[in-house]
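**Student:** To start, I am sharing the structure in question, which I have written as structure tokens.
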Amino acid sequence: MAGNGVASIGECMLELSGQAGPNWRMGFAGDTFNTLWALHALSGDRPATYVSAFGDDPFSRDQIDFFAQNGIGIGASPIIPGARPGLYAITLTGAERSFTYWRGDAAARQLSSDAAALAKSLENQGLVYFSGITLAILDDAARKTLLAAVAKARADGSLVAFDPNYRPRLWRRREEAQTAILDALAVTDIALPTFPDEQMLFGDAAPQKTAERLRKLVGEVVVKNGEEPALIAANGTLQPVQAVHVAAPVDTTGAGDSFNGAYLAARLAGHVPTAAALHAHRVAAAVVQVRGALAPFETLSAAFED
């Protein structure tokens, strides 16, 4: 029987943002961590665990301390001697962001290096979340280890949520990404794809095509599409949920990740999928009005309850 904790698997990097001349602001972020951040902020007293692998350098120690200060643990995640976190920088053109990465030898690439530790981190979790980026940073053997651990957690009662989050530069071949993402969907209860990603990866002509394709594989599907309506495929129905328009966004980094966290928090709280998507849209709209990927907990909570 699963407990009530939430676990997210992937890579949290050092984030450089808010450039002012030669100076940058440093924080910590990454797609699955951004989702856990919102989910944790909106899930009350549920224990939160970020499952990854970490280095033993000062930046890794600061990262783990930052998690702890905000009520997030690391479970049995391994500490790799000599390893360090990946790094990325956000460059803005208006509110639209672009990213530059330094992550080739990041510690998180070894998150499946200890299968027993990985399984222990996922043990008795109420919800397990991961993404296509989690898959992309692993080699073939590590990917199989990860999916086996997720499948075991699901068999033991955990709800599994997955965002395909396709990033072409992280994959050797498009076909490799297709196969890995389909394997992940086979152990998923809630899929949270983004339409432009699915169009690029699978050639879907419209969000409806994405929803129809994925509903054959997963019981609950939420197709995100920026400021266009999200499309919910659940309980045999297909329903659009209107997004919240933001007239002057500041920074779109982390909007989709925060949508995912808010949607999952709402579903865990008992909201039906369409109501959960309304909560999630409000949270995403609040996130694009702050800089960086992580909005303050109070900002997330106010938007969620609005």
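**Student:** If you take every DSSP beta bridge whose two residues both sit in the chain, what share of them, in percent to the nearest 5, is antiparallel?
**Tutor:** Values: 22 of 47 bridges.
Roughly 45 percent of the beta bridges in the chain run antiparallel, per DSSP.
**Student:** Once each part is reduced to its C-alpha centroid, what is the distance from segment 61-140 to segment 280-300 in angstrom?
**Tutor:** Using only Cα atoms to place each centre, the spacing works out to 21 Å.
**Student:** Report, to one decimal in Å, the Kirkwood hydrodynamic radius for segment 147-306 based on all distinct Cα pairs. Can you show the working numbers first?
**Tutor:** Details: mean 1/r = 0.0619 Å⁻¹.
That comes to 16.2 Å for segment 147-306.
**Student:** Still on this structure: Amide H neighbours of residue 129 under 5 Å, at least 5 residues apart or on other chains, H built in the peptide plane: list them.
**Tutor:** 7, 8, 9, 161
**Student:** Let's test the formula: R0 of 30 Å, r as the Cβ-Cβ distance of residue 242 and residue 176. What FRET efficiency results, to the nearest 0.05? Show your work: numbers first, answer last.
**Tutor:** Numbers: r = 36 Å, r/R0 = 1.19.
The value I calculate is 0.25.
**Student:** Here is a follow-up. For the chain, what does -39500 (n - 2.57) per DSSP helix run (n ≥ 4), summed and divided by total residues, give at 222 nm, in deg cm²/dmol to the nearest 500?
**Tutor:** On the way: 11 runs with 119 residues, N = 306.
Only helices count here, giving -11500 deg cm²/dmol.
**Student:** Counting only the heavy atoms of the protein chains, how much of residue 25 is accessible to a 1.4 Å probe, in Å² to the nearest 10?
**Tutor:** Ignoring ligands and nucleic acids, residue 25 comes out at about 120 Å².
**Student:** Separate question: If you line up the Cα atoms of segment 119-177 on their principal axes, what length do they span on each, largest first, in Å?
**Tutor:** Here the spans come out as 34, 21, 16 Å, largest first.
**Student:** Note down the relative contact order for segment 88-235 as a percent, whole number, built from C-alpha pairs under 8 angstrom at least six residues apart. It would help to have the intermediate numbers written out before the result.
**Tutor:** Numbers: 217 pairs, mean separation 24.3, N = 148.
Relative CO of segment 88-235 lands at 16 percent.
**Student:** Over segment 117-171, calculate the relative contact order: mean separation of alpha carbon pairs under 8 Å at least 6 apart, over the residue count, as a percent. Don't jump to the answer; show the numbers that get you there.
**Tutor:** On the way: 56 pairs, mean separation 29.9, N = 55.
Result for segment 117-171 is 54 percent.
**Student:** What would the Debye formula give as log10 I(q)/I(0) at q = 0.13, 0.17 Å⁻¹ for the alpha-carbon point model of segment 32-180, no solvent?
**Tutor:** Cα-only, vacuum Debye calculation for segment 32-180: -0.63, -1.10.
**Student:** Something else now. Mean-square fluctuation check for the chain, GNM, Cα pairs under 10 Å: which of 124, 235, 165 is largest?
**Tutor:** The residue that fluctuates most here is 235.
**Student:** Still on this structure: Order 299, 93, most accessible first, counting only protein heavy atoms with a 1.4 angstrom probe. It would help to have the intermediate numbers written out before the result.
**Tutor:** On the way: 299 45, 93 110 Å².
Putting 299, 93 in descending order of accessible area: 93, 299.
**Student:** Right, something else. At a 1.4 Å probe radius, which order do 37, 24 fall into by accessible area, largest first? If you can, show how the numbers build up before the last one.
**Tutor:** On the way: 37 20, 24 95 Å².
Per-residue accessible area, sorted high to low, gives 24, 37.
**Student:** Compute the relative contact order of the chain as a whole-number percentage, counting only Cα pairs closer than 8 Å that sit 6 or more residues apart in sequence. Provide the component values of the computation, followed by the final result.
**Tutor:** Details: 663 pairs, mean separation 53.6, N = 306.
The normalised contact order for the chain reaches 18 percent.
**Student:** If you don't mind, another one. For a quick check of understanding: with a 1.4 angstrom probe and all protein chains in place, what accessible area in square angstrom does residue 13 have, to the nearest ten?
**Tutor:** 10
**Student:** Under a point spin-label approximation (7 Å from Cα along Cα-to-Cβ), what is the residue 115-residue 56 distance to one decimal in nm?
**Tutor:** Here the modelled spin labels are 2.6 nm apart.
**Student:** When the chain is treated as a GNM, springs tying every alpha-carbon pair under 10 Å, which of 82, 71, 126 comes out with the largest mean-square fluctuation?
**Tutor:** Judging by the Gaussian network model, the answer is 82.
**Student:** Provide the per residue accessible area, probe 1.4 Å, for segment 179-260, rounded to a whole number of square angstrom. Before the final figure, lay out each step's value.
**Tutor:** On the way: 3350 Å² over 82 residues.
Value for segment 179-260: 41 Å² per residue.
**Student:** If you don't mind, there's one more thing I want to ask. Given springs between every Cα pair under 10 Å in a Gaussian network model of the chain, which of 119, 89, 206 has the largest fluctuation?
**Tutor:** Of 119, 89, 206, the most mobile in the Gaussian network model is 206.
**Student:** Work from the charge dipole of the chain (Cβ charges, +1 for Lys and Arg, -1 for Asp and Glu, about the Cα centre) and give the residue of 66, 302, 268 farthest towards its positive end.
**Tutor:** 268
**Student:** Now for a different question. Check residue 86: other-chain or 5+ apart residues with amide H under 5 Å from its amide H, H built from backbone geometry?
**Tutor:** Long-range HN contacts for residue 86: 14, 107, 108.
**Student:** Ok, one more. Using a 1.4 Å probe on the protein heavy atoms, what percent of the accessible area of the chain belongs to carbon and sulfur? Intermediate results must be reported in sequence, preceding the final value.
**Tutor:** Working: 6660 of 12640 Å².
Carbon and sulfur atoms account for 53 percent of the accessible area of the chain.
**Student:** Across bins of 20 angstrom width beginning at 0, how are the C-alpha pair distances of the chain distributed, in whole percent?
**Tutor:** The percentages, shortest bin first, are 36, 61, 3.
**Student:** If you don't mind, there's one more thing I want to ask. Along the positive direction of the dipole of segment 149-302 (beta-carbon charges: Lys, Arg +1; Asp, Glu -1; about the Cα centre), which of 194, 170, 248 reaches farthest?
**Tutor:** After comparing all options, I get 170.
**Student:** Moving on to the next point. If you take the C-alpha gyration tensor of segment 92-205, multiply each eigenvalue by 5 and take the square root, what semi-axes do you get, largest first, in whole Å? Mind showing how you got there, number by number?
**Tutor:** Values: eigenvalues 121, 61, 39 Å².
Values for segment 92-205, descending: 25, 17, 14 Å.
The values are calculated or read from the model by the stated rules, or taken from the named source; none is laboratory data. Predicted, not measured: the structure shown is a model, and the values here were computed from it. Backbone-built Cβ (ideal geometry, glycine too); neighbour counts: all protein chains shown. Protein only, heavy atoms only, side chains kept; ligands, DNA and RNA dropped before computing areas. Shrake-Rupley method; radii C 1.70, N 1.55, O 1.52, S 1.80 Å.
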